[in-house]
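Heads up: the structure comes next, in C-alpha cells.
The values are calculated or read from the model by the stated rules, or taken from the named source; none is laboratory data. All figures in this text were calculated on a predicted structure; none of them were measured in a lab. Positions of Cβ are generated from backbone atoms using ideal geometry, with glycine treated the same way; all protein chains shown enter the neighbour counts. When the accessible area is computed, the model is the full protein with side chains, heavy atoms only, and any ligands, DNA or RNA have been set aside. Shrake-Rupley method; radii C 1.70, N 1.55, O 1.52, S 1.80 Å.
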Amino acid sequence: MAGALLSLSLPKLNVTKASTAANTTTSLEEKFGRKGIKFCESEGTVELSVRNGSSVKLQIPNAHITSYKPKVYWKDDGFEEVLYTLPPSSSFSSNSRGGIALVINEILDPKLSTTPPKASSEWTVTDVDSDSIDALQVELSCSRGSLDINYVVSLYPLSMATAVIVKNNGRKPVKLTSAILSHLKSKTRGGTGIQGLRSCTYCTHPPLPSPFEILSPGEAMKTEEPGLFSFGWEPELKPGIWSAQDVPITVLKHKLSRLYSVPPEERAKEFYNSIPSKYETIDQGRELFFRIIRMGFEDIYLSSPGSFSDKYGKEYFICTGPASMLVPLVVNPGEEWRGAQVIEHDNL
C-alpha cells in the first residue's frame with residue numbers, strides 16, 4: 001500500500017530526492033523561487049499560487065500550513081479561506097494554531113505514552129517542482145533521532161495534497177502515532193456537517209497532542225451542557241464504547257471528539273469492513289463542500305468544539321483528517337512509511 005501512495009488520485013509531478021545542499025533564508029528565493037512559488041524570507045514562509053488564483057501558505061520552520069484559499073466561485077474574487085488559523089499568542093505558544101498540522105509522535109514506553117510534541121522541528125526546504133503553473137509542489141525535510149521525515153505539499157486548481165514519508169535509519173523498530181489534522185472554518189454551527197461515513201464504527205477519542213492544536217486533548221474530551229434549544233442533542237459515548245454511525249449526514253453543531261476506525265478485535269478477523277477512503281465536509285452557510293481523501297492512514301479523526309468555539313472567535317470550525325492513532329505504526333529499520341491527505345472540491 002505504502003509504495004503506491006503518491007500515485008493514487010494525485011496528479012503526477014516529479015518528486016525528486018531531497019538535495020544535500022543546505023539552504024539559508026537569504027538564498028531560498030534565489031535557489032527555489034519560480035513562477036507561482038514565492039518565498040518570504042523575513043517571515044520564513046512560502047506561498048504557492050496556481051493559474052486560477054488558488055493559493056496555499058506554508059510556514060517553513062515548523063511545516064505548518066496556515067492558509068488554503070481555493071477558487072470556489074466563478075466571479076473574479078471567488079476565493080474563500082478554508083482553514084481556521086489563530087495567530088501566535090505569547091501567553092499560549094509562539095506557533096500559529098489550527099491550519100493543517102502534521103503530527104508525528106513517537107511512542108517510547110509500553111504504556112503507549114507519547115513524546116511531547118516539539119514546538120519546532122527545524123524543517124528545511126529541500127526541493128520544489130512545477131508543471132507550468134497548474135501544479136506546484138514544495139518539499140520539506142527534517143530529522144528526529146533515527147527518523148528522516150519528508151513532507152510534500154502540492155497545490156492544484158481544484159485541490160491540495162499533503163504527503164509524509166518517514167524513514168527509519170536506526171537499528172530498532174520505531175512506534176509512531178500520526179495524523180494530518182485540518183482545522184476547517186464554517187459559517188454557522190448548525191450548518192456544519194460531514195457525509196460519507198454512514199455505517200462506520202467510531203468511538204469517543206481525544207486528538208493527538210500537537211503544538212498547533214486549538215483544543216487540547218483534555219479540552220476536546222470535556223462534556224458540553226446542552227442549550228435551551230438543543231433539540232435532538234444526545235451525549236457522546238464514553239471512551240472505549242464503540243458504535244456505528246446510522247445517519248448519512250452528521251451535523252456538527254455540538255461538541256464531539258471521535259475516531260472512526262475498525263476496533264482492534266475486528267481487525268483480527270480474516271474479513272472485516274474497513275472505513276471509507278474519502279468523505280465530505282459541509283459548510284451550508286457558504287454552500288461549500290470539500291472532499292477529504294485518506295491514504296496510508298488507518299483512522300479518521302473528527303472533532304467539533306460546540307459552544308467552546310466562542311472563546312476563539314466568531315467563526316465556527318471543525319478539526320478532521322486521516323490518522324493512525326488506535327494501533328501505532330511500526331517502522332522497521334531501513335523501511336519507510338507513507339501517508340497522505342487530499343482536500344478537493346467541485347464547488348465550481
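Here are some notes:
- Meets criteria (modelled with pLDDT of 80 or more and not in a strand (DSSP E or B)) for Asn95: yes
- Any hit, region 197-204, residues being open to solvent by 40 Å² or more (accessible area, probe 1.4 Å) and over 13 Å from Arg258 (Cβ atoms): yes
- Filter result (within 12 Å of Leu136 (Cα to Cα) and among the basic types (Lys, Arg)) within region 25-44: Arg34, Lys35, Lys38
- Here Glu298, Glu287, Glu270, Glu280 are screened, and the one residue that is out of contact with any Cys (no Cβ under 8 Å at 6 or more places or on another chain) and open to solvent by less than 60 Å² (accessible area, probe 1.4 Å) is Glu280.
- Restricting attention to region 153-166, the residues that are open to solvent by 10 Å² or more (accessible area, probe 1.4 Å) and hydrophobic (A, V, I, L, M, F, W, C) total 2.
Yes or no, residue by residue, for (1) out of contact with any Pro (no Cβ under 8 Å at 6 or more places or on another chain); (2) in a helix (DSSP H, G or I); (3) more than 28 Å from Thr223 (Cβ to Cβ):
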{"position": "Leu259", "(1), (2), (3)": "yes, no, no"}
{"position": "Glu265", "(1), (2), (3)": "yes, yes, no"}
{"position": "Asn273", "(1), (2), (3)": "yes, no, yes"}
{"position": "Thr281", "(1), (2), (3)": "yes, no, no"}
{"position": "Gly285", "(1), (2), (3)": "yes, no, no"}
{"position": "Phe290", "(1), (2), (3)": "yes, no, yes"}
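- Of all residues in region 256-267, those being basic (Lys, Arg) and either within 10 Å of Gly196 (Cβ to Cβ) or buried (at least 22 other Cβ atoms within 10 Å of the Cβ) (or both) number 1.
The rows are residues; the columns are (1) among the small types (Gly, Ala, Ser); (2) within 24 Å of Leu176 (Cα to Cα).
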{"site": "Leu256", "(1), (2)": "no, no"}
{"site": "Pro263", "(1), (2)": "no, yes"}
{"site": "Pro276", "(1), (2)": "no, yes"}
{"site": "Gln284", "(1), (2)": "no, no"}
{"site": "Gly296", "(1), (2)": "yes, yes"}
{"site": "Gly306", "(1), (2)": "yes, no"}
{"site": "Ile318", "(1), (2)": "no, no"}
{"site": "Ser324", "(1), (2)": "yes, yes"}
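- Filtered by the rule that a residue be of a type in the set (Lys, Arg) and not in a loop (DSSP other than H, G, I, E, B), region 48-87 gives Lys57, Lys69, Lys71.
- Unique match (being open to solvent by less than 10 Å² (accessible area, probe 1.4 Å), at pLDDT 95 or above and of a type outside the set (Ser, Thr, Tyr)) among Pro333, Pro305: Pro305
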